[in-house]
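The values are calculated or read from the model by the stated rules, or taken from the named source; none is laboratory data. Everything numeric in this text was worked out from a predicted model, so none of it was measured. Cβ placement follows ideal geometry from the backbone for every residue including glycine, while neighbour counts extend to all protein chains displayed. These accessible areas exclude ligands, DNA and RNA; they are computed on the full protein's heavy atoms, side chains included. Shrake-Rupley method; radii C 1.70, N 1.55, O 1.52, S 1.80 Å.
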Amino acid sequence: MSQFNIDEKKVIVTILMAIMEADGMIHPHEVTYLDNIISSFEMNQADLDSIDEVDFRDVVSNFKRFDSIKKEQAKTIFLEMIRCDGYEDPRELDIYNLISI
């Protein structure tokens with residue numbers, strides 16, 4: 001997953017966190033999935049700390065500027081997060097649909 005630059009990785013992780021929190025319940029499988037993505041992205045604590053400082057509307061706008069290949073790869077990651085707890089919650093799908101427009 002090194003095809004994403006650090007700014008793109010931050011966008012993806014921010015969206016993953018929003019999906020994870022959307023239904024009000026954070027399942028252990030979601031935490032594990034997010035940790036695995038962060039690890040594969042080779043992100044450090046400073047990278048993660050800067051995520052707290054972003055506006056979600058800006059994140060969505062930045063995601064929409066990804067090239068089509070990166071966008072499709074990221075959307076696969078988002079769908080895996082949505083499904084990793086065994087239930088596709090409508091609130092999680094709302095976030096996915098928002099970014100897919």
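LYS9 versus (1) more than 26 Å from GLY86 (Cβ to Cβ); (2) assigned to a helix (DSSP H, G or I); (3) open to solvent by 30 Å² or more (accessible area, probe 1.4 Å): which is the lone unmet condition?
(3)
Looking at ASP23 and the list (1) at pLDDT 95 or above; (2) in contact with a Phe, Trp or Tyr (Cβ under 9 Å, 6 or more places away or on another chain), which single condition is not satisfied?
Unmet condition: (1).
Regarding ILE15, is this residue more than 16 Å from PHE63 (Cα to Cα) and open to solvent by less than 70 Å² (accessible area, probe 1.4 Å)? Let's see the steps before the verdict.
On the way: more than 16 Å from PHE63 (Cα to Cα): no; open to solvent by less than 70 Å² (accessible area, probe 1.4 Å): yes.
Here the answer is no, as ILE15 does not meet what is asked.
Considering only residues of the stretch 49-67 that are touching a residue at least 24 places away in the same chain (Cβ under 8 Å), open to solvent by 40 Å² or more (accessible area, probe 1.4 Å) and not aromatic (Phe, Trp, Tyr), which is farthest from ASN97 (Cα to Cα)?
First pass over the stretch 49-67, keeping only residues touching a residue at least 24 places away in the same chain (Cβ under 8 Å): 50-51, 54, 56, 59-60, 62-64, 66.
Going one step further and asking which of them are open to solvent by 40 Å² or more (accessible area, probe 1.4 Å), we end up with 54, 56, 62, 64.
The next check asks that each one be not aromatic (Phe, Trp, Tyr); those that pass are 54, 62, 64.
Numbers: VAL54: 20, ASN62: 15, LYS64: 12 Å.
If we take residues in the stretch 49-67 being touching a residue at least 24 places away in the same chain (Cβ under 8 Å), open to solvent by 40 Å² or more (accessible area, probe 1.4 Å) and not aromatic (Phe, Trp, Tyr), then VAL54 is farthest from ASN97 (Cα to Cα).
Which of the residues belonging to the stretch 23-48 are open to solvent by less than 30 Å² (accessible area, probe 1.4 Å) and in a helix (DSSP H, G or I)?
Residues of the stretch 23-48 open to solvent by less than 30 Å² (accessible area, probe 1.4 Å): 23, 30, 34, 37-38, 41, 43, 47.
Hits for the stretch 23-48 are GLU30, LEU34, ILE37, ILE38, ASP47.
Name the single residue that is most open to solvent (accessible area, probe 1.4 Å) among those in the stretch 68-94 being in a loop (DSSP other than H, G, I, E, B) and not hydrophobic (A, V, I, L, M, F, W, C). I'd like the intermediate steps shown before the answer.
Pass one, the stretch 68-94, residues in a loop (DSSP other than H, G, I, E, B): 84-89.
Narrowing further to those that are not hydrophobic (A, V, I, L, M, F, W, C): 85-89.
Numbers: ASP85: 36, GLY86: 73, TYR87: 127, GLU88: 83, ASP89: 9 Å².
Here the residue is TYR87.
What pairs come out if I take residues in the stretch 22-39 that are touching a residue at least 60 places away in the same chain (Cβ under 8 Å) and pair them with residues that are open to solvent by 80 Å² or more (accessible area, probe 1.4 Å) and hydroxyl-bearing (Ser, Thr, Tyr) whose C-beta lies under 8 Å away, six or more apart or interchain?
Sorted first by the residue in the stretch 22-39, then by its partner, the list stays empty.
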